[in-house]
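Enquirer: Dropping a structure here in structure tokens format, bear with me for questions.
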Amino acid sequence: MAKIGAVAFGNGNTILPVMQQDVVNVHHWLTPHAFGAGIAFGQATPGPILMTAAFVGFQLAGWWGGILAAVAIFAPSVAMTVIAAEIYPLLRKLAWVRGAIQGIMAAFVGLLASVVLSLGHQIQGISAALVLAAAALAAVRTFKWNPLLVFAAGLAAWAIYVVLGGTVRA
């Protein structure tokens with residue numbers, strides 16, 4: 001988790017592709033479905049994406065693993081932020097620094113798209129989940145609704161769907 005915290009930057013979503021690669025594809029600590037569940041579970045906590053690290057640690061080694069993973073994912077970024085805050089004002093005017101930042105942001109968009117496609121594959125065949133995902137996207141992006149309100153409405157809609165006999169898995 002310290003390696004992931006050291007190489008991924010920006011908001012929590014930038015860590016997802018790197019974490020998924022290590023946790024699911026390289027080390028096989030979690031299945032893709034369990035990884036998706038960890039992300040969903042993390043949505044109920046502050047710093048949801050980063051707390052997925054605690055979920056992974058807990059799955060591997062219980063409470064101590066969860067605590068260690070949570071600390072490990074945050075430690076590198078805290079250290080680098082302290083250092084960068086001191087030197088960035090001096091470097092931000094350099095053209096090559098601005099170009100590097102633009103390149104990094106383009107790579108981030110590509111990595112995030114790969115995670116969206118991978119996690120989207122988990123709900124393939126569950127039309128209710130696809131409808132809810134599309135509705136949530138429209139509510140947040142188009143209508144500018146509060147994400148917490150959209151999340152609560154989605155939970156309520158999903159609960160009604162299940163109570164009425166809908167299936168949770170395809």
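Enquirer: Once label points are set 7 Å from the Cα along Cα→Cβ at both ALA84 and ASN13, what is their separation, rounded to one decimal in nm?
Expert: 1.7 nm
Enquirer: To the nearest 10 degrees, how steep is helix 95-122 against the longest Cα principal axis of the chain, on a 0 to 90 scale?
Expert: The helix 95-122 is inclined about 20 degrees to the chain.
Enquirer: What nm distance separates the two modelled labels at LYS144 and LEU94, each placed 7 Å from Cα along Cα→Cβ?
Expert: 3.9 nm
Enquirer: I would also like to ask the following. Just to confirm the number: angle between the C-alpha axis of helix 127-137 and the first principal axis of the chain, 0 to 90 degrees, nearest 10?
Expert: Approximately 50 degrees, to the nearest 10.
Enquirer: Given an 8 Å cut-off on Cα distances and at least 6 residues of separation, report the relative contact order of the chain as a percent.
Expert: Working: 134 pairs, mean separation 33.9, N = 170.
Taking the mean separation of contacting Cα pairs over the length of the chain, I get 20 percent.
Enquirer: Apply the Karplus parameterisation 6.51 cos²θ - 1.76 cosθ + 1.60, with θ equal to phi minus 60°, to every residue of the range 26-31 and state each ³J(HN,Hα) to the nearest whole Hz, in sequence, with x for glycine and proline.
Expert: Taking θ as phi minus 60°, the curve returns 8, 8, 6, 6, 10, 7 Hz for the range 26-31.
Enquirer: Output the 0 to 90 degree angle, nearest 10, between the alpha-carbon long axis of helix 32-42 and the longest principal axis computed from the alpha carbons of the chain.
Expert: Rounded to the nearest ten degrees, it is 80.
Enquirer: Keeping every protein chain present and rolling a 1.4 Å probe, give me the accessible area per residue for the range 24-120 in Å². List each step's numbers first, then the result.
Expert: Numbers: 6260 Å² over 97 residues.
With all protein chains present, the range 24-120 gives 65 Å² per residue.
Enquirer: Per 0.36 nm of contour for each residue apart, how much would the distance between SER114 and ALA135 grow if the chain were fully extended, relative to their Cα-Cα spacing? Mind showing how you got there, number by number?
Expert: Numbers: separation 21, 0.36 × 21 = 7.56 nm, distance 2.11 nm.
Extra length from SER114 to ALA135 when fully extended: 5.5 nm.
Enquirer: Once fully extended, how much extra length lies between TYR161 and ALA40, figured as 0.36 nm per residue of separation less the alpha-carbon to alpha-carbon distance?
Expert: Details: separation 121, 0.36 × 121 = 43.56 nm, distance 1.84 nm.
Length gained between TYR161 and ALA40: 41.7 nm.
Enquirer: Mind sorting out which of (i) 34; (ii) 26; (iii) 12 is the real percent of Cα pairs over 28 Å apart computed from the coordinates?
Expert: Only one option fits the structure, namely (i).
Enquirer: Expressed as a whole percentage, what fraction of the accessible surface of the chain belongs to carbon and sulfur atoms when a 1.4 Å probe is rolled over the protein heavy atoms? Please report the intermediate quantities before stating the final value.
Expert: On the way: 8110 of 10940 Å².
Carbon plus sulfur share of accessible area: 74 percent.
The values are calculated or read from the model by the stated rules, or taken from the named source; none is laboratory data. Because the structure is a prediction, the values reported are computed rather than measured. Glycine also receives a Cβ, built like all others from the backbone with ideal geometry; neighbour counts cover every protein chain displayed. Each accessible area value is taken on the protein alone, full model and side chains, heavy atoms only, with ligands, DNA and RNA left out. Shrake-Rupley method; radii C 1.70, N 1.55, O 1.52, S 1.80 Å.
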